[in-house]
1. Mind listing just one residue for me: the one in region 137-171 that is farther than 26 Å from residue 635 by Cβ and free of Cβ contacts under 8 Å to residues at least 24 places away in the same chain and, of those, surrounded by the fewest Cβ atoms within 10 Å (Cβ to Cβ)?
2. Please specify each residue of region 561-579 satisfying the condition of being touching a residue at least 60 places away in the same chain (Cβ under 8 Å) and either crowded, with 24+ Cβ neighbours inside 10 Å or under 17 Å from residue 668 (Cα atoms) (or both).
3. If a residue has to be part of a loop (DSSP other than H, G, I, E, B) and farther than 19 Å from residue 379 by Cα to count, how many in region 475-502 make the cut?
4. How many residues, within region 343-383, are crowded, with 19+ Cβ neighbours inside 10 Å, more than 26 Å from the chain's Cα centre (by Cα) and not in a strand (DSSP E or B)?
5. Tell me the residue from 265, 232 that is assigned to a loop (DSSP other than H, G, I, E, B), surrounded by fewer than 21 Cβ atoms within 10 Å (Cβ to Cβ) and either modelled with pLDDT under 95 or in the same structural domain as residue 597 (by TED's automatic domain parsing) (or both), please.
6. Give me the residue from region 12-28 that is part of a loop (DSSP other than H, G, I, E, B) and surrounded by 14 or more Cβ atoms within 10 Å (Cβ to Cβ) and, out of that set, farthest from the chain's Cα centre (by Cα).
7. Residue check, residue 177 against (1) buried (at least 16 other Cβ atoms within 10 Å of the Cβ); (2) under 30 Å from residue 122 (Cβ atoms), all met but one. Which one?
8. Which of (1) farther than 27 Å from residue 183 by Cα; (2) in contact with a helix residue (DSSP H, G or I) (Cβ under 7 Å, 6 or more places away or on another chain) does residue 658 not meet, given it meets every other one?
């Protein structure tokens, strides 16, 4: 029995009224995260969660030790060649963060030895442990080296609110040249001569909306505003081309984009628009020598590839090149001297298509070929490839049971060379785990892909515990990735499934369109179909099923629990967007205006309001038995305020018919973290051990199936 009393949230009268609908919201006061009463409430919730789960401390410790035992804590990333240096990251046992370092490039064919304690001439570019100091949270929002490799600019966040303070210093000596830029957005870029730094600033809604030019070492009050984006739907980013000849401003909403270019040798010159924005048209630009390569959806929903003159200023100058085939979705393109590499989706999985240079063809490129992948269920993407004149490209391949594998793929022959496979220690035999893709039938007859991974000793006998996860928003795909932490679930007999529901991007643009705006409910019915499939095929016991999701996936968790609470024994909602309708009615909040193209604008559109009313988790909690619920959040999260899970938990507690001892509803808030949770690898392992111990306990799966 917990030693702390169950927290009871204060109720304060508040009515929200829109489009003739009145909604009583007694917890609206929690929107003020600085209210001392709210802070006290969060502390009380944390104390209660700790007391209620005190018996799980040994299990948490066991999971943490399992994770740590599998990780090679002192390790080196694959060095990549850039200019006269090899750049790589070094991790050291006992240290939370990697050190970004470099070593002189003596021979292109000889990379630094990953097993060496020290590399001759090695220099520290940025040591995350030093920069973090005593801060409980630390995140790098920008890390860039000048074209002459003399200077490094980096920006850090030590609160979790995603506003960053920048530093410029000389790499070799460590001399600090500039600390005048504070509270900036993600990313910054040097001019080619290193005299200027381009960076973004955020508005009150945390939207990067301005690009500024700063003279390194100068006073920030003298900075020059380059561009201000007035449309609240559009976010801004700054980047540089691989050949460092160009600086790029990327402006994008959920459905429309625009790119501006500047000659990096002329930092005080005028930026050029590649093609003025057209509503509903998205395009991505990659400079490639004497031309631009452009992925765009002007004529095809799943995008085409075109090229244009390097000085293009209109979409009328785009020359058609490749069109996506049935079942394909073109995503982006990267240019190298010897080839271009197209990133795409094919058959619901990622793929890479190499387009060799051929100066005799009209496009300048020859016949394409795809980089082969052995795993039938996989993720493949480009690794770190900073130089345009590479003979081979770094490619990363992984799956649910295949550790992250880095390959060198020759751009001429297609031959692959293994550079590094993520070590998995602790006596793990990866042959003990298996993966596959299955298909569930949703309510409207749509086939929904479901990834399933489990220990090979587990059989579909209808008795197994299971944990399903899903996301289903923003055209973001839940692609296969390897996790040493996940092995702790599999070793306890848990069948882990990922439902690739509509709203994500797994099956192309149609898949996204059929799970957004007025069609959003399909995301939730797809999830129910996926978990029903797990039960009907015998892989998971009907009374031993869990559901997990974060952020927009947390909205999914809340909506699905309201739709079918009887399907689940436990649910974990991480930084969950569960008060979505209230948030979408307040354009002054971070992200809201830019999100209207995803969820609809319930402030102006009665139909959008009506649709969101049907699934908004906070507003649809029912007087029924729900699963045990763990909601996790972060005090400084600016994407999903801690307000949302706090209100949701209060509404659950006062409405559902659960026994609070056997099916508790808990809220746990990280008091020094952001949207992604705690920073530092050891802190992250502690957090996931805490969360999964709760889930495993509720599933009755606390013991390893091998008896260890």
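The values are calculated or read from the model by the stated rules, or taken from the named source; none is laboratory data. The structure presented is a predicted model; accordingly, all values stated were derived computationally and were not measured. Cβ sites come from the backbone with ideal geometry, for glycine too, and all protein chains shown count toward neighbours.
1. For region 137-171, the residue satisfying everything is 170.
2. Once the filter is applied, which keeps residues that are touching a residue at least 60 places away in the same chain (Cβ under 8 Å) and either crowded, with 24+ Cβ neighbours inside 10 Å or under 17 Å from residue 668 (Cα atoms) (or both), region 561-579 yields 561, 570, 572, 573, 574, 575, 576, 577, 578, 579.
3. 4
4. 0
5. 232
6. It comes out as 19.
7. Single failed check for residue 177: (1).
8. Result: residue 658 fails condition (2) only.
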